1. Inside the stretch B:177-202, can you point out the residues that are open to solvent by less than 70 Å² (accessible area, probe 1.4 Å) and aliphatic (A, V, I, L, M)?
2. Among the residues of the stretch B:55-71, how many are surrounded by 17 or more Cβ atoms within 10 Å (Cβ to Cβ) and in contact (Cβ under 8 Å) with a residue 40 or more places away in the chain?
3. If I filter the stretch B:597-612 down to residues being at the interface with another protein chain (Cβ under 8 Å from one of its Cβ atoms) and open to solvent by 60 Å² or more (accessible area, probe 1.4 Å), which single residue comes out as nearest to B:GLU154 (Cα to Cα)?
4. Can you tell me which residue within the stretch A:117-163, out of those that are in a loop (DSSP other than H, G, I, E, B) and among the hydrophobic types (A, V, I, L, M, F, W, C), is nearest to A:GLU103 (Cα to Cα)?
5. Of all residues in the stretch A:206-245, which are open to solvent by 60 Å² or more (accessible area, probe 1.4 Å), touching a residue at least 12 places away in the same chain (Cβ under 8 Å) and within 14 Å of chain B (Cβ to nearest Cβ)?
6. Tell me the residue from A:ARG606, A:ARG610 that is touching a Lys or Arg at 6+ places or on another chain (Cβ under 9 Å), open to solvent by 50 Å² or more (accessible area, probe 1.4 Å), modelled with pLDDT under 50 and within 16 Å of A:GLY534 (Cα to Cα), please.
7. Conditions: (1) within 25 Å of A:SER472 (Cβ to Cβ); (2) open to solvent by 20 Å² or more (accessible area, probe 1.4 Å); (3) of a type in the set (A, V, I, L, M, F, W, C). A:VAL412 meets all but one. Number of the miss?
Amino acid sequence: MHRSMAILIVLFAAALPAPVAQGAAETFQTDPWQYVPVQDGGRYKPLDTLARETLPGIVDGTSFAEPETGRMLGPTALYLALLLQREDWGPPADPHVSGGLNEVAAYFASHEPDKWDKALLLPVDRAEFRKALGMPDDQRRISPWELSKVEIRDPEDYEKTLFVNWVQRIHPDEKGKFTKLEKAAQELGGRLMAYHTLRTGREMRLIPMRGAGQGQQWFSAADLARWTFSDRMDPTGKLQEAQEHFRNAKAAYIADSPKAFNEASAALLAILQEEGPKLMENPDDYPSREIIGLEITSNRWRLFHYAWILTLIASVALVLSCMNERWKGLYITGVVILAVSLVVIVVGLGIRWVLKESPPVTNLYESVVFTALGTVAFGLVFGLWSGRRGIFAPACVMTTLILVLADLFPSVLDPTLRPLPPVLRSNTWLAIHVMTIMLGYAALAKALAIGNVTLGFYLVGSQQHDAIKAQSRFTYESLKAGVLLLLIGTFLGAGWADYSWGRFWGWDKKEVWALITLLGYLAILHARYTNWLGNRGMTAWSVSCFSLVLVTWYLINFLKGGLHNYGLSGGEAPYYVVGAIVLQLLFVAAAVIASYIRQPVDEEGRSDHRRSARP
Amino acid sequence: MAKKRGGKSETAHSRTNAPRQHNPAEFDQDPPDPLREILRFLGSLKLAVVLLLVSMFVLVVGTLLDDARGLDYARWFVYHSWWFITLTSALAVNVLMAMLLRIPWKRRHIGFLVVHAGLLVLMAGSILTFIAGIDGHVNIIEGGPAVDEVTVTERSQLTAVWRDGDETAAVDFPFKPGPADWPGGKTKNLGELDEVRVKVLQFYRYAIGELVWGEDPSGRSAPAIRIALIDRDGKQVQWNEDWLVGRKGIGTTMTFGPANLALQEVPVDSMLRDLLSPPTDNLGEKGVLSIYYKDQVEQISIDENVGKTVAIGSDGTKVEIVQYLAQPTMGPGGTLTSAGEEPKNPMLELRVHLPGGQQPLRQLSLAKTPLMDFSRSRGIECPVRFFYHHSAVPVQKAVEFFQTPDGKLSCRVGDGTRYKPHGAVNKGGLIETSAGYSVRLLQHVRSARQQRTFESVEYDPEWRRTPEAAARFEVSVGDKTYEMWLQRGGGEHGFYMVQTPKGKMEFVFGYTRAPLGFSVKLNKFTREFNPGGMGDASYSSEVEVIDESDSQDRKISMNEPLEHGKFTLYQSGFPTTADGRQMSTLTAAYDPGRYLKYAASVLICLGAFVMFYLRGRI
């Protein structure tokens, strides 16, 4: 009786832990993994950043729903899921299959697809492409497994071939161009390849080699899973320990036991943190926990994203407040939010400065954000100086525009932190030169913003001459500030060039266009002193001259060759910029013509819009 | 009443930011005169605006030219051109007049004067740099010798070097070729130095060179042909296009893909028939000998005529067939004997008896190499030629080309059993073989000499390696003249050596050099990479700077230049030499206008600031 009871109790107790464990909801703790420093793209970064940078190239986003449970996984969790779930990380059995999509196809030919392989992960955007792949109408994504064996109907010869073979044979036509379908196919092929590289653990490099200098590659997860470390490489045995924990974690993940996974993860992460610096040739080179933490925080906060939301709200508030003098509350709210956004941008740039160990003005994205900072700053300064809502509002709108551009076009304005080319690695000169120029552009952008408002007034024939006068005054102030800053910035640039390359001025295209921009605005300032330009003229030319800024800042980088060509290829973006310039110039023309028609010259022989408006 | 200049009546205006209007009355002590009007115009704001706008336009054109044809081109035609300098001078005049017209200067003028004075200082500095500055580069090899010269690319030069007794003598002929190809017919005389006269006949800015076979004007070189291999379907096999170059007296054979080819010169026109349609019947055991004398051809059967003498022609010339040697070998005493009976290399020893009783000429004729020319012996050219046919000589499987003295090319195709005569071959002619391929004649040079030629290519901004320029020079030394194509900057097409009346001379086309005033030696070049090896983090050169008195170890890296003497050296690139050694390229600059330009920068910025924000408060 006792024995059977005992057996029953034991059986019952044995049966219990499973449901009890699930009930206790021990889940997979992937958050600590965010802090693992990995080596990628020429620098060290947290796994969190690696996930955020890699996943958009696969699933076109940084999160995805887990196929079986439907639970949304964030960047690190998703990365780990894709990474650890894969059973086999080995190289292809057939040594003749060397990398590329052939390896992917070979993998699927010899392995059973798992839940991720069969999940609809990879987006296919173009309808004609979906048709060519034979996808059902309502399906916008294709699974990797499906993609590895699907056949595509070549639009030119209507032959059906395996997609993975077809995409590798694509070549440009005589002009070096691809069709839209070919481009889409290449992109999709790239996604499949990125998927494969991630899942086979080759991308995540997490352990330095013993005595690793800066130039050496770290061990990847795949290495960790497969290698046997010799005693010479691993005298303390810690690497093998780390390996053990890693394998355990992986096994636990596959076996769906969170507790074991969490324990193994914790042990692994502890060893990495302890041993990482010791393995580097110079322990200080290993990224510190603080820096990693800072980058993760920065990733999470997405400061520049919230910045434009703030400025958008402020813009709405300020523009509305312009319509009715009595809406003071709205006005004050707008100004305060604008000031807050200034702080947000400054903090964001400051964090980038720390992470890059270099002033945050070394790539196009940062220069754009810095200009936004300038426009906010100028907006606040001039706004407070004038006390007019009509001066705050355009600045705020302009800032919003700039920040939105920066945030929404990562393919053109790339926020990724990348290592700097040597020529840009001189802190002082670089920082001051670029910042000055960007502030100059900010001031001129302010002139652009206010100018457009004034032109709008001219277009509709507004009789608010006071407003026009005030706006003109601040357009003028913006021009002065902008020109002064551009003068200083250009000379700083010349000084830097002299210091680095031995020539003050080399007639490089960017230099010449900077000069052209400067001359343009100088011409306006000089013409203002003669009888040639009144308010209307000054406004029209100030707005038009901003096109020169856009050429110098952005478009010139796309002309081939030259010292300033940092190798950008923006796809269609330059055409949009040109289009925007054309629209702007048409608007200017329309406003000026409309104004002329209404009131070319008054009885004193001067148009009402002219000199009298000057202070 | 004399109007007071300056003083209280004007201060009312100075408190505002309003620019002063020039009240014409102010200047009027006298009625306005034309000179005053001109001066006023020269210093006017209107002129300033016009000049600014014109400058903008000109600069835009400059950048477009830069994009289309390169920065050198833009500099030559815009930025350093005389009319651009004129435009800038006009601006300078405008600025200067504007400053002078405001005399007497007041406190409120300070900002204005400082800015515009700064502008003038900037222009002065630029002119100084333009005239006296040196901008070049220095290439030093890691572990290599010290370099004490700067290569200045602004100007090119042809250098002639020769040995003068114990020393090396050199003369330079500098000139500025410009950034574009010279139009046809343009030449430039570079003058004479040390009995060497140089003229530039042609210049290509971007040139790709190749060695080709061209006509030798002396006519004494062997012929050369260029052929292509054509496959069964009539398509040219892509890479099979090559030169077959003959050799005097011997001829050349070449295997070209599946084809065997030969090229030979034929000494006598009439011999062609023997080649194209050799006798195949009745060769007997010892073969048949064709004898050519003047216009006549005789065919003698050897079997019956060993030891006999045959009369040729009508003037008493006779040919004696002395010996038939089946396997000729040198016997004792220099005599020829046969090592055996089997006709391995049938040869006939002959004697030619010329009319007039002179000593007979000894001749040989070999069946296997019938065209081998022994016609010249003891300095006397034998007027009789021979062609020996022997059945033991197999028919080649080859396409053979023959050039007759009249310069025409003929061809025969052998398939192993018989020859098929093709007859005369012209350019573009196709020779078919039974082996499935054909040979097409692309080019035929009667007397070929290898020449270097250059082809001009169009500027492409996306070039990875920009092709260098090339020029054709006519050089006269003493009374001899030579023509040469040379590529600038050396390289495989950059040198030309020739024997001249002054001895062996070497000609090089390159850039001018300026002395550094000291030497630089590269001890070590280091490159640091980003984590993971992706891209460069930094690069630097550890150099030794050697003066007359001492030497120092210094380090030059990106953004950390080295100043020494009057030059400043900057880290530029790091190419590797052709034989794999690491080189560091340093930019070397001497900028006498530098401090003026820095001063100008300060003046301009300060002046602008004062003008914009401190007017009326100073």
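The values are calculated or read from the model by the stated rules, or taken from the named source; none is laboratory data. Keep in mind it's a predicted model, so treat the numbers as computed, not measured. Every residue, glycine as well, gets a Cβ built from its backbone with ideal geometry; the counts of neighbours run over all protein chains shown. Heavy atoms of the whole protein, side chains included, go into the accessibility calculation; ligands, DNA and RNA do not. Shrake-Rupley method; radii C 1.70, N 1.55, O 1.52, S 1.80 Å.
1. Matches in the stretch B:177-202: B:ALA180, B:LEU190, B:VAL196, B:VAL198, B:VAL200, B:LEU201.
2. Looking only at that region, the number is 3.
3. My answer is B:TYR598.
4. Among those that are in a loop (DSSP other than H, G, I, E, B) and among the hydrophobic types (A, V, I, L, M, F, W, C), it is A:VAL150.
5. If the condition is that a residue be open to solvent by 60 Å² or more (accessible area, probe 1.4 Å), touching a residue at least 12 places away in the same chain (Cβ under 8 Å) and within 14 Å of chain B (Cβ to nearest Cβ), then A:MET209, A:GLN214, A:GLN217 are the ones that fit.
6. None of the other options fit; the residue is A:ARG610.
7. Exception for A:VAL412: condition (1).
For every residue, the table says whether it meets (1) within 19 Å of B:PRO279 (Cα to Cα); (2) touching a strand residue (DSSP E or B) at 6+ places or on another chain (Cβ under 8 Å).
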site: B:GLN296; (1), (2): yes, yes
site: B:SER301; (1), (2): yes, yes
site: B:GLN323; (1), (2): no, yes
site: B:THR335; (1), (2): no, no
site: B:ALA339; (1), (2): no, yes
site: B:PRO343; (1), (2): yes, no
